[in-house]
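The values are calculated or read from the model by the stated rules, or taken from the named source; none is laboratory data. None of these values were measured; they are calculated from a predicted model. Positions of Cβ are generated from backbone atoms using ideal geometry, with glycine treated the same way; all protein chains shown enter the neighbour counts.
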Amino acid sequence: MTLSPAPFPTARLRRLRATPALRALVRENSLSPSDLIWPLFLMQGSDQAVPVPSMPGVLRLTVDRAVGAAREARDLGIPAVCLFPYTAMEHRTADCAEAWNPENLSNRAIRAIKDAVPDVAVMTDIALDPYNIDGHDGFVEGGEIVNDRTVEALVRMALAQAKAGADILGPSDMMDGRVGAIRRALESDGFQNVTILSYAAKFASAFYGPFRDAVGATAALKGEKKTYQMDPGNSDEALRLVARDLSEGADMVMVKPGMPYLDICRRVKDRFGVPTFAYQVSGEFAMLKAAAANGWLDGDRVMMESLMAFKRAGCDGVLTYFAPEAARALHG
Ligand code: PBG
């Protein structure tokens with residue numbers, strides 16, 4: 001017996017796309033201000049904000065202004081800010097001692113924000129690059145980035161941040177063993193409740209360019225970060241790194257950059273089912289802003305579409321320079 005084809009399409013999938021109400025009803029993923037972490041660039045001084053040229057709308061803020069930004073985050077429903085200090089060449093040394101100075105820019109900002117806006121979670125960056133004379137995330141000896149000595153310094157840095165009141169520590173350095181070492185130190189120093197969001201799968205990416213300008217690292221960096229950050233050709237390795245960091249005591253994991261690595265986000269979420277974040281990095285932001293400024297893309301729409309893509313790829317949240325703008329758009 002031959003079946004004649006149905007006289008109409010059996011599945012008219014367009015039915016559920018016909019009206020805004022139906023589209024809203026069946027939308028699988030959603031984006032909310034509570035999915036966002038807002039990165040803030042810090043600088044010395046008071047009551048000043050200086051634009052970052054390659055990141056339109058992004059400012060370097062003095063500590064008092066950063067407190068203002070944290071208030072804005074609270075008012076917009078953004079749960080967390082992440083701090084990145086700009087360090088001038090003269091504050092960079094071979095021993096990176098400024099990294100664990102309780103009075104350094106980022107530790108002062110942590111205390112000021114936790115004092116004024118305790119409800120906003122403060123996340124930090126743990127890596128030596130803002131303080132290192134050659135711009136690397138670890139100590140350099142004989143042209144090599146050395147692992148274990150760097151980890152000891154990262155632990156000091158982490159403890160200073162925890163003491164200042166940080167809620168979320170973000171080791172972004174890609175040294176081996178740092179999550180375990182930091183977790184052990186937190187446990188033995190009475191910081192059992194400080195969380196670790198490890199930059200588990202961080203790729204050696206050209207998309208970090210504008211960030212390095214923003215924190216003054218472009219001039220400092222000698223060479224590349226390929227001996228510690230991941231090769232963009234790899235994917236299975238990201239899963240090994242995530243497994244390792246979780247076993248060492250990470251509470252949450254990050255994939256970085258974001259948009260070019262959505263496949264990694266999805267694999268991580270499917271495999272581990274742990275809180276997974278993506279960092280939509282400076283170059284991704286700059287790219288969309290530049291195209292919008294030229295009138296080549298609709299800036300608001302690509303912002304929201306790019307953020308939704310992270311949710312669809314399985315991320316629980318996104319570190320993004322769009323955070324305040326996107327939160328405002330979501331509030332309508
Ligand atoms: C450094 C660090 C980098 C970023 C965050 N932390 C740059 C790097 O690894 O060189 C990049 C963030 C961005 O591009 O927005 N530890």
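In segment 142-155, the qualifying residues are those that are surrounded by 17 or more Cβ atoms within 10 Å (Cβ to Cβ) and over 12 Å from Asp176 (Cβ atoms), and the one that is farthest from the chain's Cα centre (by Cα) is Ala153.
Taking (1) more than 14 Å from the chain's Cα centre (by Cα); (2) under 21 Å from Cys315 (Cα atoms) in turn, Met175 satisfies each apart from (2). Ala219 meets all of the listed conditions (1) more than 12 Å from the ligand (Cβ to nearest atom); (2) modelled with pLDDT under 95; (3) touching a Pro at 6+ places or on another chain (Cβ under 8 Å) but one, namely (3).
Filtering segment 159-216 to residues that are among the acidic types (Asp, Glu), surrounded by fewer than 19 Cβ atoms within 10 Å (Cβ to Cβ) and within 12 Å of the ligand (Cβ to nearest atom) leaves only Asp213.
Among the residues making up segment 275-321, those that are within 16 Å of the ligand (Cβ to nearest atom), part of a helix (DSSP H, G or I) and either touching an Asp or Glu at 6+ places or on another chain (Cβ under 9 Å) or of a type outside the set (Asp, Glu) (or both) are Ser282, Gly283, Phe285, Ala286, Met287, Leu288, Lys289, Ala290, Met303, Ser306, Leu307, Phe310. A single member of Arg14, Arg23, Arg111 is exposed (fewer than 12 other Cβ atoms within 10 Å of the Cβ), away from the ligand (no atom under 16 Å from the Cβ) and over 23 Å from Leu307 (Cβ atoms), and it is Arg14.
Do you know which of the residues in segment 114-132 that are of a type in the set (A, V, I, L, M, F, W, C) and more than 15 Å from the ligand (Cβ to nearest atom) is surrounded by the most Cβ atoms within 10 Å (Cβ to Cβ)?
Filtering segment 114-132 for residues that are of a type in the set (A, V, I, L, M, F, W, C) and more than 15 Å from the ligand (Cβ to nearest atom), the one surrounded by the most Cβ atoms within 10 Å (Cβ to Cβ) comes out as Val122.
If you go through segment 180-220 and keep only what is under 17 Å from the mean Cα position of the chain (by Cα), of a type outside the set (Gly, Ala, Ser), over 17 Å from Ile264 (Cα atoms) and not in a strand (DSSP E or B), you end up with Tyr208, Pro210, Phe211, Arg212, Asp213, Val215. Listed by first and then second residue, the pairs linking a residue in segment 106-130 that is under 13 Å from Ala69 (Cα atoms) to a residue that is assigned to a helix (DSSP H, G or I) and within 16 Å of the ligand (Cβ to nearest atom), with Cβ atoms under 7 Å apart and 6 or more places separating them unless they lie on different chains, are Ile110/Gln161.
So in segment 273-332, with the set limited to residues that are out of contact with any Cys (no Cβ under 6 Å at 6 or more places or on another chain) and among the hydroxyl-bearing types (Ser, Thr, Tyr), which one is surrounded by the fewest Cβ atoms within 10 Å (Cβ to Cβ)? Out of the qualifying residues, it is Ser306.
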